[in-house]
Every structure is written in C-alpha cells, then in structure tokens.
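Report on one structure; see the data block that follows.
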Amino acid sequence: MCVVVGPDYVAEWKAKYGGEPPDDPKDARWLGLVSRHVHGYLRAFSERCHARGVRFNVAFTGFDIADRHAFETYAIDWKALAAEGVFDGVYVLNIKLDAADPWTCTRQVYQYVMAHRGKADVYFPVSTYDFGHSGIPSYVKATGLSAGEVAKRLLSLAREAGARGIVMECVDYGNYTPEICEALR
C-alpha cells in the first residue's frame, strides 16, 4: 500500500510533537500516525463502497504468524478494521511457509486469521505460483507429497479453519495440472 504524506500528517505531527517529522520513516510514532490516517481512509472508502452495494475486500501476501508487524501496526491494523466490519472479504494470497513444519505453520496462520476476521469472508491460498516460496511446489518440496496431495491438503485445511473458499491464480492457462484439478473436485 502506498501512502502519500500530505499536509494533514505534517500538521498533526507538529501539533503533537513539535518540529518536523522524523527522518526515520520507521519511527514508531510516525508509523502510528500514518496508520491512523490509513485506517480512517479505509473506513471511509468502505462506507462509500457499501453505499453503492460494492463489496470491499483486502488481500495479504507473505502473511507471517511470527512477524505480523506490517499488517497490524503500521501499514494497517487489519484486525481492528475487520472487527469494525470494514472488510467484506479477507484474501490471504500466500503465507510465510516454515519448510520444517509446513502443515502446522499453515494451520496456525489460518486459525489466527479466522480468529480476527470479524464478519469478513476469508479465502486461503491454493497456488501453483511459488514466488514467495509458499505455493504448491514449496509444499511438495517440504513434504514429499505430490502436487495433487498438497492441493487436497490445503483445501482441507481451508475448510477445517472455516474459510469461505480458496484463492487460486488464474493468469496462466493450464497452470493447474489435471492431478491438482482432480484433487480440488
């Protein structure tokens, strides 16, 4: 998410702390101020969407149960926004996979997201893309299972967690082998 620093940010900083904003863009006080502005913007955007009958969904990439700082502290406080009903859907596009224990870490992320989703529908990944090293190929490498078995297990974990559905990339024709397609039936 790109946040433009406008005069409201600087004016608020000066009123609260005096002087110019910090040189360090990761200063905790600065990040908190930015987060509050983004929170307000997303809430207002959601209200406009809902007034027009449009769903407002958010997607996360690289969700890491051990380091949720960006998603909960300074980028946006997604849990607070979800609790307020701002999001209609939460899409987890991929997670940080622990290759030593892939199923446990996946289950933990899914349970965490479900526990904090508010009323939003949640969708978990079953992806053949492996850019973040958390797609089906990385699960195959970590577990020794076939791609179809991995897809079936990921679908099962999403269902077990209570997700509304799964997220699959659909950019490339034939991205999912017949084995994977059969496993997802």
**Request:** Could you please find all residues in region 161-185 being modelled with pLDDT under 95, among the charged types (D, E, K, R) and within 24 Å of F87 (Cβ to Cβ)?
**Result:** E169
**Request:** Give the residue that is modelled with the highest pLDDT, with candidates limited to residues of region 69-121 that are within 14 Å of the chain's Cα centre (by Cα) and among the basic types (K, R).
**Result:** R117
**Request:** Name every residue in region 37-68 that is surrounded by 17 or more Cβ atoms within 10 Å (Cβ to Cβ) and modelled with pLDDT of 90 or more, in order of residue number.
**Result:** L42, S46, F56, V58
**Subset tally (residues that are surrounded by 14 or more Cβ atoms within 10 Å (Cβ to Cβ) and in a loop (DSSP other than H, G, I, E, B)) for region 134-163** = 5
**Prompt:** Which of the residues that make up region 29-54 are of a type in the set (V, I, T) and under 30 Å from G19 (Cβ atoms)?
**Reply:** V34, V38
**Request:** Go through region 96-133 and give me each residue that's open to solvent by less than 60 Å² (accessible area, probe 1.4 Å) and of a type in the set (F, W, Y).
**Result:** W103, Y110, Y112, Y123, F124
**Request:** Count, please, the residues in region 122-138 that happen to be among the polar types (S, T, N, Q) and either farther than 17 Å from K152 by Cα or under 15 Å from the mean Cα position of the chain (by Cα) (or both).
**Result:** 2
**Message:** Of the conditions (1) part of a loop (DSSP other than H, G, I, E, B); (2) in contact with a Gly (Cβ under 8 Å, 6 or more places away or on another chain); (3) over 21 Å from L42 (Cα atoms); (4) open to solvent by less than 30 Å² (accessible area, probe 1.4 Å), I180 satisfies every one except a single condition; which number is it?
**Reply:** (1)
**Request:** Could you please find all residues in region 7-33 being surrounded by fewer than 10 Cβ atoms within 10 Å (Cβ to Cβ) and at pLDDT below 80?
**Result:** P7, K26
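The values are calculated or read from the model by the stated rules, or taken from the named source; none is laboratory data. As the structure is a computational prediction, the values presented were derived from the model and not from experiment. Cβ atoms come from the backbone with ideal geometry, glycine included; neighbour counts cover every protein chain shown. Heads up: the accessible areas ignore ligands, DNA and RNA and are worked out on the full protein's heavy atoms, side chains in. Shrake-Rupley method; radii C 1.70, N 1.55, O 1.52, S 1.80 Å.
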